[in-house]
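Participant: Once you've had a glance at the structure underneath, I'll fire off some questions.
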Amino acid sequence: MVKNNDTNVIGFSRGLLSTWTFLPDYNLLFDAGDGVSAALGQKSGSIAHIVLTHAHFDHVGGLAALLHLRSRVAPNNPVNLYLPGEHSRINTLLGMLGKQAINDLNIIKVEPDKEYPIGGKRILRPFNVRHSPISKGYLIQEPRAKLLPEYQKLSGKEIAALRKNDIKVMRDFHHTLVAYTGDTAPMNKDEIHKLKNADLLITEATFLTTVERLAEGATTHNDLENVTAMVAEINPKRTIINHVSPRYFDNRVQSKIEGLGFECILGEKHHPTPEEPSESIEIS
């Protein structure tokens, strides 16, 4: 696996075909498209949280196989499955599972803006997105504190004196480590505000240009031009684009996306590391 100072990401994504994104640092998988179990193999046993954005088949087509594999490589190791709502398709997939996989499964139907603990002090926070009738994006957050604005120019000695007198000098807040939008229409200002200053933004750009998106009448997906403007407002430290339409060749996608300083998860080429061969895409 590629190691760096940021969140490690293993993923595969092409719109209509399959989308899944594994964050091993959090033992968390966003979506479970076709091929995820074959790609992750033994790594599937480390997944503690499977987080679904919606029930379109390219996002859930590999769910049953993944849960079955996981029950074999890590039996009696519970996994949380976060659902954005009631979906007959997901119920059908879960009905295919054996007893061990069902026993290991804890189903959580999420509500927007509610906090779900995922280990340590970190939480998962769902938010609504405009895609299918029941779709969610998610934030991974952790609690932090920062000096109140009126005290930011004081010395450490002055701040210590204020604290000694029981004067509150810090403000508690939730810092966003990862923002994952899933499939979404172009986001409005209120939606963008929820993602501000994320360390890592993972978002879709099904189309490369707004003209191409509008020509298709695609009102529930985004395009790279809109995403570029959105990223300027969010100001993330790092941006990864997924769910690019398979109509585009890899070289066109990579030149456009990497030219903007973003990374991308594609579904046509696989990039195993020399240390650990894999059929998944490793994003450095």
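The values are calculated or read from the model by the stated rules, or taken from the named source; none is laboratory data. Everything quoted here is computed from the prediction, not taken from an experiment. Neighbour counts are summed over all protein chains in view; Cβ atoms, including those assigned to glycine, are modelled from backbone coordinates with ideal geometry.
This table checks each residue for (1) of a type in the set (A, V, I, L, M, F, W, C); (2) closer than 27 Å to residue 129 by Cα.
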position: 6; (1), (2): no, yes
position: 11; (1), (2): no, yes
position: 34; (1), (2): no, yes
position: 51; (1), (2): yes, yes
position: 72; (1), (2): no, no
position: 84; (1), (2): no, yes
position: 87; (1), (2): no, yes
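Participant: Shifting gears a bit: Taking the stretch 181-200 as the search range and keeping residues that are of a type in the set (A, V, I, L, M) and in contact with a Lys or Arg (Cβ under 7 Å, 6 or more places away or on another chain), which one is surrounded by the fewest Cβ atoms within 10 Å (Cβ to Cβ)?
Facilitator: So the residue we want is 185.
Participant: Grab the helices (runs of 4 or more DSSP H) fully contained in the stretch 1-101, keeping just those with 2 or more residues being more than 24 Å from residue 178 (Cβ to Cβ) and at pLDDT below 90.
Facilitator: 88-94
Participant: In this structure, does residue 220 turn out to be modelled with pLDDT of 90 or more, surrounded by fewer than 20 Cβ atoms within 10 Å (Cβ to Cβ) and either aliphatic (A, V, I, L, M) or part of a helix (DSSP H, G or I) (or both)?
Facilitator: Here the answer is no, as residue 220 does not meet what is asked.
Participant: Also, I was wondering about something else. Could you count how many residues in the stretch 94-124 are surrounded by 20 or more Cβ atoms within 10 Å (Cβ to Cβ) and free of Cβ contacts under 8 Å to residues at least 60 places away in the same chain?
Facilitator: 1
Participant: Also, I was wondering about something else. Within the bounds of the stretch 157-176, is there any residue that is in a strand (DSSP E or B), under 30 Å from residue 213 (Cα atoms) and either under 26 Å from the mean Cα position of the chain (by Cα) or hydroxyl-bearing (Ser, Thr, Tyr) (or both)?
Facilitator: Yes; the residues of the stretch 157-176 include at least one that is in a strand (DSSP E or B), under 30 Å from residue 213 (Cα atoms) and either under 26 Å from the mean Cα position of the chain (by Cα) or hydroxyl-bearing (Ser, Thr, Tyr) (or both).
Participant: Just one of 225, 233, 204, 142 is in contact (Cβ under 8 Å) with a residue 12 or more places away in the chain, surrounded by 12 or more Cβ atoms within 10 Å (Cβ to Cβ) and closer than 20 Å to residue 31 by Cα; which is it?
Facilitator: 204
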